[in-house]
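Taking it in order: structure first as structure tokens, then the write-up.
The values are calculated or read from the model by the stated rules, or taken from the named source; none is laboratory data. Worth saying up front: this structure is predicted, and the values here are computed from it rather than measured. Please note: Cβ atoms are built from the backbone with ideal geometry, for glycine as well, and neighbour counts cover all protein chains shown. These area figures cover heavy atoms from the full protein model, side chains too; ligands, DNA and RNA do not enter into them. Shrake-Rupley method; radii C 1.70, N 1.55, O 1.52, S 1.80 Å.
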Amino acid sequence: MPHNPSSPIGIVTGAGSGIGRASVALLRQLGATVEAWDKDQSTLDALPSDEHLLTCLVDVTDEPGVTTAAAEAIARHRRIDYIVNCAGAYLYASLEDTTTQQIRKLHDLNVIGPTLVTQAFLPALRASHGSIVNVASTVALKPTASNSHYAASKAALAQLTRCWALELGPDGVRVNAIAPGPMPTSLFRSAGMTEAQETELLSTRTATLPLRRAGTPEEAAVWIARLALEDNWTTGAVIPVDGGMSL
Ligand SMILES: NC(=O)c1ccc[n+]([C@@H]2O[C@H](COP(=O)([O-])OP(=O)(O)OC[C@H]3O[C@@H](n4cnc5c(N)ncnc54)[C@H](O)[C@@H]3O)[C@@H](O)[C@H]2O)c1
């Protein structure tokens, strides 16, 4: 598979934990330079120190912060070949228990966050004929109970992926997403679920999967890295990485 440049340079948001962290590790292993963005400094500090791995404290919902960090990244590297919009949050709540404040916060992060980051890098991505990878979810493709607004936010991101692919394809920019199934990360505890609720959710979801097990962040990272680094004539795809859950 042809790679873009010999040593691609890009951004991973939500890079301090879970799928983002596994993606940073694989991208580095494949020779890419990575700027790891996260809003949690302690997770960034725990990343291995490496001259081709820079860390940056950025909250992707903070528009001026994103604009400044993106301008600094472009000035530092002089090109950006890929961005991975991985930062996201979960909301486990029935319709009757969901508040408008929760919905706004969720969409701010899962929908507006990737939009702000992508907008900030658009001129650079057009110049490099780069690649955008969004991290959606299986629940964007297949409805599930008790997380409707999370599912709606990820469905919005999946559709943004397809629309942006149409819009940016003529400029040579590819836009794809992965749709992961259940993977044990800090996502569920960060959403306020107890350990028992997390175990129950993951075991219920995985019990009926065709592959009968949860996935790993490393399995998601394989597809993220391929879509980010390989110019393989793929755009507008939302690829399930979910043990068959979307079937
Ligand atoms: N774990 C799963 O089962 C699963 C399934 C489908 C989709 N996803 C998606 O994968 C992505 C990564 O989730 P994960 O499972 O690795 O969770 P995680 O909690 O391990 O990692 C999320 C990271 O995003 C960071 N983050 C949160 N808000 C941020 C903000 N405003 N700005 C910058 N960084 C921020 C967190 O600090 C954390 O490091 C999310 O978009 C999530 O919705 C996860």
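Checked against (1) more than 9 Å from the ligand (Cβ to nearest atom); (2) assigned to a helix (DSSP H, G or I); (3) charged (D, E, K, R); (4) open to solvent by 30 Å² or more (accessible area, probe 1.4 Å), GLU198 meets all criteria but (4). State yes or no: is ASP97 open to solvent by 20 Å² or more (accessible area, probe 1.4 Å) and within 13 Å of the ligand (Cβ to nearest atom)? Answer is no for this residue.
Please work out which residue is most open to solvent (accessible area, probe 1.4 Å), limiting yourself to the range 201-216 and to residues that are out of contact with any strand residue (DSSP E or B) (no Cβ under 9 Å at 6 or more places or on another chain) and either within 25 Å of VAL111 (Cβ to Cβ) or of a type in the set (A, V, I, L, M, F, W, C) (or both).
Of the residues in the range 201-216, the ones out of contact with any strand residue (DSSP E or B) (no Cβ under 9 Å at 6 or more places or on another chain) are 201-214, 216.
With the extra rule that they be either within 25 Å of VAL111 (Cβ to Cβ) or of a type in the set (A, V, I, L, M, F, W, C) (or both), the set shrinks to 201-202, 205, 207, 209, 211, 214.
On the way: LEU201: 16, LEU202: 24, ARG205: 47, ALA207: 59, LEU209: 4, LEU211: 116, ALA214: 31 Å².
Checked the range 201-216; the qualifying residue most open to solvent (accessible area, probe 1.4 Å) is LEU211.
Note on the range 77-111: residues that are more than 16 Å from ALA151 (Cβ to Cβ), among the charged types (D, E, K, R) and more than 21 Å from the chain's Cα centre (by Cα) amount to 2. Looking only at the range 68-83, which residues are free of Cβ contacts under 8 Å to residues at least 60 places away in the same chain and either open to solvent by 70 Å² or more (accessible area, probe 1.4 Å) or touching a Pro at 6+ places or on another chain (Cβ under 6 Å) (or both)? Listed by number, the residues that qualify are THR68, GLU72, ALA75, ARG76, ARG78.
Taken over the range 20-38, the criterion of being near the ligand (Cβ under 9 Å from one of its atoms) and open to solvent by 30 Å² or more (accessible area, probe 1.4 Å) is satisfied by ARG21 alone.
The single condition among (1) touching a residue at least 60 places away in the same chain (Cβ under 8 Å); (2) closer than 27 Å to SER42 by Cα; (3) within 20 Å of the chain's Cα centre (by Cα); (4) not in a helix (DSSP H, G or I) that VAL175 does not meet is (2). Looking at the range 84-92, is at least one residue open to solvent by 70 Å² or more (accessible area, probe 1.4 Å), in a loop (DSSP other than H, G, I, E, B) and away from the ligand (no atom under 16 Å from the Cβ)? No - not one qualifying residue is present in the range 84-92.
Can you confirm whether the range 9-17 contains a residue that is free of Cβ contacts under 8 Å to residues at least 24 places away in the same chain, at negative phi and either more than 10 Å from the ligand (Cβ to nearest atom) or open to solvent by 50 Å² or more (accessible area, probe 1.4 Å) (or both)? No: the range 9-17 contains no residue that is free of Cβ contacts under 8 Å to residues at least 24 places away in the same chain, at negative phi and either more than 10 Å from the ligand (Cβ to nearest atom) or open to solvent by 50 Å² or more (accessible area, probe 1.4 Å) (or both). Looking across the range 39-67, the residues that are under 17 Å from the mean Cα position of the chain (by Cα), under 15 Å from VAL84 (Cβ atoms) and open to solvent by 20 Å² or more (accessible area, probe 1.4 Å) come down to THR55, CYS56.
Just to verify a result, which residue in the range 61-75, among those that are of a type in the set (Val, Ile, Thr) and either under 11 Å from ALA120 (Cα atoms) or modelled with pLDDT under 95 (or both), is nearest to the ligand (Cβ to nearest atom)?
In the first step, residues of the range 61-75 are kept if they are of a type in the set (Val, Ile, Thr); the result is 61, 66-68, 74.
Narrowing the set further to residues that are either under 11 Å from ALA120 (Cα atoms) or modelled with pLDDT under 95 (or both) leaves 66-68, 74.
Values: VAL66: 9, THR67: 14, THR68: 14, ILE74: 19 Å.
Within the range 61-75, the match that is nearest to the ligand (Cβ to nearest atom) is VAL66.
Counting only residues that are within 26 Å of GLU219 (Cα to Cα), crowded, with 19+ Cβ neighbours inside 10 Å and either under 13 Å from the mean Cα position of the chain (by Cα) or of a type in the set (Ser, Thr, Tyr) (or both), the range 112-147 holds 12 of them.
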